[in-house]
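One structure is given below, encoded as structure tokens.
The values are calculated or read from the model by the stated rules, or taken from the named source; none is laboratory data. Fair warning: this is a prediction, and the values are worked out from it, not measured in the lab. Methodologically, a virtual Cβ is constructed for each residue, glycine included, from the backbone with ideal geometry; neighbour enumeration extends over all protein chains shown. Keep in mind that these areas ignore ligands, DNA and RNA; they rest on the heavy atoms of the full protein, side chains included. Shrake-Rupley method; radii C 1.70, N 1.55, O 1.52, S 1.80 Å.
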Amino acid sequence: MSAEKANRTPAKPKLAIDPQYVLRITGVLLGICLITALLLGLVNQVTAPRIDAIQAEKVRAAMSQVLPADNYEPLGFTVANVTAIYQAVSDGKDIGWVVETSTAGSQGAIEMMVGINAEGKVTGVSIVKHSETPNIGTKVVGDQAVLDRFTGMSLEAGEITVNGGANRFDGVSGATVSSRGVAAGVNAALAAIGITP
């Protein structure tokens, strides 16, 4: 046998693909995708109002925690790091503001509510949403006693700083970035009230 014949490899047989089979499989996969999309859309329609109601209640509870009032009227005025400003009203009188802020923490945005009375002093801070590291950043955002340290602070002595300066907030050791993130949110809220029309 010659070397030429030994090195020859047999030709691969061509696969015959049945076009009807391809169309049938494509139709089945398309049907599965359409049914799945329809079911996801139905589930979203059913759950979206409930999720929105839970989020609205959470926001309302956070507002009540930082500055109790009969009503919170949105002002529709926002600035950097401020997503919403509400006028707090009790017995028909303006008693202060609740400011919703979003600032950078160590692992992402820290969304919070800051209550400010008519004198421009912080009445409370409540964290609405965060992604801070458990047992590090959560020592700041998850501990109301730490957040309560902002109560009574204002911008009279300048911007609130962490662990130093005239208007000092004592941050949590090991969670300086989270402490600075919350302080930045409080500063943004106080600054926004200073420029609210």
**OP:** Treating cross-link reach as a plain straight distance, find the aspartates and glutamates whose alpha-carbon is under 15 Å from the alpha-carbon of residue 121, omitting any fewer than eight places away in the same chain.
**Re:** 94, 148, 156, 159
**OP:** Arrange the residues 46, 66, 28 by how much accessible surface each exposes, largest first, with a 1.4 angstrom probe.
**Re:** 46, 28, 66
Original post:
Can you list the residues, at least 5 places off or on another chain, whose amide H is less than 5 Å from the amide H of residue 95, using H built in the peptide plane?
Top reply: 88, 89, 90
Original post:
Taking a 1.4 Å probe, which of 126, 64 shows the most accessible area, and what order do the others take after it?
Top reply: 64, 126
**OP:** Would you mind calculating the gained length between residue 60 and residue 42 on full extension (0.36 nm times residue separation, minus the Cα-Cα distance), in nm to one decimal?
**Re:** 3.7 nm
**OP:** Please work out how much accessible surface residue 91 shows to a 1.4 Å probe, ignoring ligands, DNA and RNA, in Å² rounded to 10.
**Re:** 140
Subject >> Viscosity 0.692 mPa s, temperature 37 °C, Stokes-Einstein D of the chain from Kirkwood C-alpha radius, µm²/s >> reply: 160
**OP:** List every residue whose amide H lies under 5 Å from the amide H of residue 105, counting only residues 5 or more places away in sequence or on a different chain, with H placed 1.01 Å from N in the peptide plane.
**Re:** 110
**OP:** Heavy atoms only, probe 1.4 Å: what % of the accessible area of region 122-197 goes to carbon and sulfur, would you let me know?
**Re:** 51
Subject >> Exposure of residue 172 as accessible area (Å², to 10), given a probe of 1.4 Å and all protein chains >> reply: 20
**OP:** Once you have the Kirkwood Rh of region 68-136 from its Cα pairs, apply Stokes-Einstein at 10 °C and 1.306 mPa s and quote D in µm²/s.
**Re:** 123
**OP:** Sort 86, 21, 72 from largest to smallest accessible area, using a 1.4 Å probe on the heavy atoms of the protein chains.
**Re:** 21, 86, 72
Subject >> DSSP-defined antiparallel bridges as percent of all bridges, the chain, nearest 5 >> reply: 95
Original post:
Pick from 40, 23, 15: which is most flexible by mean-square fluctuation in a GNM of the chain where alpha carbon atoms under 10 Å apart are linked?
Top reply: 15
Subject >> Inter-centroid distance (Cα atoms) of region 83-106 relative to region 131-197, Å >> reply: 16
Subject >> Point-charge dipole on Cβ atoms (K/R +1, D/E -1) for region 1-131, about Cα centre, debye to 20 >> reply: 1200
Original post:
What lysines sit close enough to residue 139 to cross-link, taking a C-alpha to C-alpha distance under 23 Å and skipping anything fewer than 8 places away on the same chain?
Top reply: 58, 129
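Only helical DSSP H runs with n ≥ 4 go in: add -39500 (n - 2.57) per run for the chain, normalise by residue count and round the 222 nm mean residue ellipticity to 500 deg cm²/dmol. Mind showing how you got there, number by number?
On the way: 5 runs with 81 residues, N = 197.
Counting only the DSSP helices, I get -13500 deg cm²/dmol.
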**OP:** Please work out how much accessible surface residue 93 shows to a 1.4 Å probe, ignoring ligands, DNA and RNA, in Å² rounded to 10.
**Re:** 140
